[in-house]
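Scroll down for the structure; my scribbles are underneath it.
The values are calculated or read from the model by the stated rules, or taken from the named source; none is laboratory data. Everything numeric here is computed off the predicted structure, so don't read it as measured data. When we count neighbours, we look across all protein chains shown, and the Cβ atoms used for this are built from the backbone with ideal geometry, even at glycine.
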Amino acid sequence: MKGDISGTEDLLIEGSVEGLIQLDERKLTVGATAKLTADINARDVVVYGYVKGNVRAKGRIEIRKDGSIIGNLTTAQIMIEDGADFKGSIEIDRSAKKEADKNVSSRPPAAGAGPKSI
């Protein structure tokens, strides 16, 4: 397929795609038989197949055992398994993660929470 893909649901790709893949708040899984020549923007990206292009994820990028990425990665978390192929650069962008942490830490502690002494 040639063209741009955007969506509001999690997506699994098992074929060939050329273009832009835009899944801002969703997860993209690149299947073992997939061959992508595409820039990817998603919340989380898991790669079992082949990707040539830049990948930006607000959450996490995982390159699994037989997965391959040629391109630059921008993400808050990265996981590359033994046997995976990667050529490019990695930029850790913790800004999205810091926003989530701020929201959690600004809540008052629950009753009974905190250190206890006996």
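Within the range 68-99, how many residues are of a type outside the set (S, T, N, Q), outside any strand (DSSP E or B) and farther than 16 Å from Asp39 by Cα?
From the range 68-99, those of a type outside the set (S, T, N, Q) are 69-71, 73, 76, 78-88, 90-94, 96-99; that's our starting set.
Narrowing further to those that are outside any strand (DSSP E or B): 71, 76, 81-84, 88, 93-94, 96-99.
Keeping just the survivors that are farther than 16 Å from Asp39 by Cα gives 76, 81-84, 93-94, 96-99.
Number satisfying all stated conditions: 11.
Can you tell me which residue within the range 1-28, out of those that are farther than 15 Å from Arg43 by Cβ, of a type in the set (Gly, Ala, Ser) and in contact with an Asp or Glu (Cβ under 9 Å, 6 or more places away or on another chain), is surrounded by the most Cβ atoms within 10 Å (Cβ to Cβ)?
Gly19
Ser117 fails exactly one of the following numbered conditions: (1) at pLDDT 95 or above; (2) outside any strand (DSSP E or B). What is the number of that condition?
Failing condition for Ser117: (1).
Please enumerate the residues belonging to the range 41-64 that are within 21 Å of Ser95 (Cα to Cα) and over 9 Å from the mean Cα position of the chain (by Cα).
Within the range 41-64, the subset within 21 Å of Ser95 (Cα to Cα) is 41-46, 54-62.
The one that is within 21 Å of Ser95 (Cα to Cα) and over 9 Å from the mean Cα position of the chain (by Cα): Asn54.
Got at least one residue in the range 39-60 being surrounded by fewer than 17 Cβ atoms within 10 Å (Cβ to Cβ), among the hydroxyl-bearing types (Ser, Thr, Tyr) and in contact with a strand residue (DSSP E or B) (Cβ under 6 Å, 6 or more places away or on another chain)?
There is no residue in the range 39-60 that is surrounded by fewer than 17 Cβ atoms within 10 Å (Cβ to Cβ), among the hydroxyl-bearing types (Ser, Thr, Tyr) and in contact with a strand residue (DSSP E or B) (Cβ under 6 Å, 6 or more places away or on another chain).
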